[in-house]
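Visitor: Below you will find the structure I want to go over with you.
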C-alpha cells in the first residue's frame with residue numbers, strides 16, 4: 001500500500017513541493033507541516049508538483065485553501081502543476097481554477113513567478 | 001451476506017487507504033470506467049473521514065462497517081457507524097464563489113459526495129446506529 005511522501009527543492013526564492021502517493025485525512029498534516037515550514041522560513045512562492053500524486057481527498061484540498069491567503073498576502077502564491085487527469089478533475093469539479101493557477105508543466109508554473 | 005463485500009475498520013484515518021482499496025477493487029469488478037470508480041472511492045473516503053473526525057472524534061475504540069452491493073445497474077455502499085444523528089442531505093452546498101472569495105477552509109467533503117453519487121440515503125436507528133447508503137448508477 002503506497003503512502004505519502006513530499007520532497008522540497010528550491011529555485012532561488014521559489015520552493016517546489018513534489019507530492020508522491022496519496023493526500024487524504026491521514027496524510028494531509030504532512031503537507032500542512034511543509035507549508036508551515038516554508039512560512040517560518042519566509043518562503044512564500046511555492047510551486048506544487050502533482051505528477052506522482054495518485055489520490056487527493058477534500059482534506060488535501062483543504063490544505064491549499066488554508067495557506068493560499070497567507071502566501072498571497074506576503075507577495076507569494078501557490079501555483080499547481082503536472083496534475084494527472086484524475087487529480088485535475090477533482091480540482092476542476094469543485095471550481096478550484098477560480099482561485100488557483102493550475103499549469104500542465106512545472107516550468108510554466110515557475111515562469112509565472114517571474 | 002458474502003463477507004468479501006464487507007469490511008469493518010477501527011475508526012482511524014490510518015485505515016482510509018484500506019477502505020479505498022476495498023472499494024476500488026469491488027467497484028472495478030462492475031466494469032465501470034475509471035472516473036466512476038474514482039468518484040465512488042472518493043465519496044466513501046469522505047463519509048468515513050467525516051465519521052472519524054466528527055462522529056467519533058478520532059476515537060479508534062469505535063468501529064465503522066462498510067458494505068458494498070452490486071445490483072444490476074447500481075453500485076451501493078452502506079456505511080454503518082455509531083454516533084449522533086447527522087444527515088448530510090440536510091447540509092447546504094456552499095456557494096463556491098463566496099467560498100473562494102473568502103478563502104474558506106473545509107466543508108468540501110459533503111458537496112463532493114453529493115456531486116459524485118446519484119443518491120445519498122441516511123437513517124438512524126435507536127439508540128445511535130447510523131446507516132448511510134451511497135448509490136451510483138452504472139451505465
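Visitor: Mind listing whichever residues of segment B:1-50 are within 13 Å of the chain's Cα centre (by Cα) and in contact (Cβ under 8 Å) with a residue 60 or more places away in the chain?
Guide: B:39, B:40, B:42, B:43, B:44, B:46, B:47, B:49, B:50, listed by residue number.
Visitor: Here's something else I'd like to know. With respect to residue B:30, determine if the residue is within 12 Å of chain A (Cβ to nearest Cβ), surrounded by fewer than 21 Cβ atoms within 10 Å (Cβ to Cβ) and in contact with a strand residue (DSSP E or B) (Cβ under 9 Å, 6 or more places away or on another chain). Show your work before the answer.
Guide: Numbers: within 12 Å of chain A (Cβ to nearest Cβ): no; surrounded by fewer than 21 Cβ atoms within 10 Å (Cβ to Cβ): yes; in contact with a strand residue (DSSP E or B) (Cβ under 9 Å, 6 or more places away or on another chain): yes.
When the stated conditions are applied, residue B:30 does not pass them.
Visitor: Something else about it: Can you tell me how many residues in segment B:33-46 are away from chain A (no Cβ under 11 Å) and buried (at least 21 other Cβ atoms within 10 Å of the Cβ)? Before you say what the answer is, go through the steps one by one.
Guide: Pass one, segment B:33-46, residues away from chain A (no Cβ under 11 Å): B:33, B:36, B:40.
Still in the running and buried (at least 21 other Cβ atoms within 10 Å of the Cβ): B:40.
The total comes to 1.
Visitor: Follow-up. Which members of segment A:94-104 meet the condition of being part of a helix (DSSP H, G or I) and touching a helix residue (DSSP H, G or I) at 6+ places or on another chain (Cβ under 6 Å)? Spell out the reasoning first.
Guide: First, pick out the residues of segment A:94-104 that are part of a helix (DSSP H, G or I): A:96-98.
Matches in segment A:94-104: A:98 only.
Visitor: Shifting gears a bit: Which one of these is more than 10 Å from chain A (Cβ to nearest Cβ), under 15 Å from the mean Cα position of the chain (by Cα) and closer than 17 Å to residue B:135 by Cβ: B:65, B:82, B:76, B:72? Talk me through it step by step, then tell me what you get.
Guide: Working: B:65 fails: closer than 17 Å to residue B:135 by Cβ; B:82 fails: closer than 17 Å to residue B:135 by Cβ; B:72 fails: under 15 Å from the mean Cα position of the chain (by Cα).
Within the list B:65, B:82, B:76, B:72, the selection yields B:76.
Visitor: Those residues that are within 14 Å of chain A (Cβ to nearest Cβ) and touching a strand residue (DSSP E or B) at 6+ places or on another chain (Cβ under 8 Å), I need them from segment B:90-139; list them, please. Write out each step before concluding.
Guide: So in segment B:90-139, the residues within 14 Å of chain A (Cβ to nearest Cβ) come out as B:91, B:93-117.
Answer for segment B:90-139, where residues must be within 14 Å of chain A (Cβ to nearest Cβ) and touching a strand residue (DSSP E or B) at 6+ places or on another chain (Cβ under 8 Å): B:113, B:114, B:116, B:117.
Visitor: I would also like to ask the following. Evaluate segment A:53-68: report whether one residue or more is away from chain B (no Cβ under 11 Å), over 21 Å from residue B:95 (Cα atoms) and in contact (Cβ under 8 Å) with a residue 12 or more places away in the chain.
Guide: Filtering segment A:53-68 down to residues away from chain B (no Cβ under 11 Å) leaves A:53.
Okay, now just the ones that are also over 21 Å from residue B:95 (Cα atoms), so A:53.
Checking which are in contact (Cβ under 8 Å) with a residue 12 or more places away in the chain leaves us with A:53.
Yes, that holds for at least one residue.
Visitor: Looking only at residues in segment A:1-37 that are free of Cβ contacts under 8 Å to residues at least 24 places away in the same chain and in contact with a strand residue (DSSP E or B) (Cβ under 6 Å, 6 or more places away or on another chain), which one is nearest to the other protein chains (Cβ to nearest Cβ)?
Guide: Looking at residues that are free of Cβ contacts under 8 Å to residues at least 24 places away in the same chain and in contact with a strand residue (DSSP E or B) (Cβ under 6 Å, 6 or more places away or on another chain), I get A:5.
Visitor: Residue check: is residue A:21 at positive phi and exposed (fewer than 14 other Cβ atoms within 10 Å of the Cβ)? Reasoning before the result, please.
Guide: Numbers: at positive phi: yes; exposed (fewer than 14 other Cβ atoms within 10 Å of the Cβ): no.
When the stated conditions are applied, residue A:21 does not pass them.
Every read-out reported here was derived from the displayed coordinates using simple, explicitly stated rules and does not represent laboratory data. Being a predicted model, the structure only gives us computed values, none of them experimental. Don't worry about glycine lacking a Cβ; one is built from the backbone with ideal geometry, like all the others, and counts go over all protein chains shown.
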